[in-house]
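Accompanying notes for the structure given below.
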Amino acid sequence: MIPLTTMLMLTIILSAIGTQAQEQQQLLQLGQEVYENHCSDCHRSNGEGLPVKFPALKGNAFVLGDPKPVLDTVIHGRTGKLGQMPAWKEFLDNNQIAAVVSYIRNAWGNKAPTLRPEDVAPRRKN
């Protein structure tokens, strides 16, 4: 028979895991909404972009690597050989940016850790 304290601990742990999973799902849903409203025209709904003009996000090593440069690109924009990426810092809050970056890092078969709004705030200053 399992002791009562062990059962209580398991209940607490499972509850916390369930809450984290629910929060992550909500974050990714928000990210999908932000992506569809602000990003999919250029990067396409399937994340494959438009060759030579807008880079694919699906399977992109830049997107799947260190999240700081990805955050910097979304926040501050970028100009380069593939065109121009607008800065979103004036239009999206930290939660929306964390959500959309988490979404692109986990959509279309991508798999990378999600982010939190706390990850975004320091990047706004760079």
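Each value in this text was obtained by applying a stated rule to the coordinates, not by laboratory testing. A quick note: this is a predicted structure, and the numbers were derived from the prediction, not measured. So basically every Cβ, Gly included, is an ideal-geometry build from the backbone, and we count neighbours across all protein chains shown.
For the reader, a short list of remarks on this structure follows.
- Some residue of segment 20-33 being surrounded by 12 or more Cβ atoms within 10 Å (Cβ to Cβ) and over 15 Å from the mean Cα position of the chain (by Cα): no
- Segment 108-126, subset part of a loop (DSSP other than H, G, I, E, B) and of a type in the set (G, A, S), residue surrounded by the most Cβ atoms within 10 Å (Cβ to Cβ): A112
- Residue in segment 93-108 that is of a type in the set (K, R) and more than 25 Å from Q22 (Cβ to Cβ) present: no
- Long-range neighbours under 8 Å by Cβ, at least six apart or interchain, first residue farther than 24 Å from Q26 by Cα within segment 74-102, second in a helix (DSSP H, G or I) and of a type in the set (S, T, Y): M85/T73
- Looking only at segment 55-80, and only at residues there that are in a helix (DSSP H, G or I) and among the β-branched types (V, I, T), the one that is surrounded by the most Cβ atoms within 10 Å (Cβ to Cβ): V74
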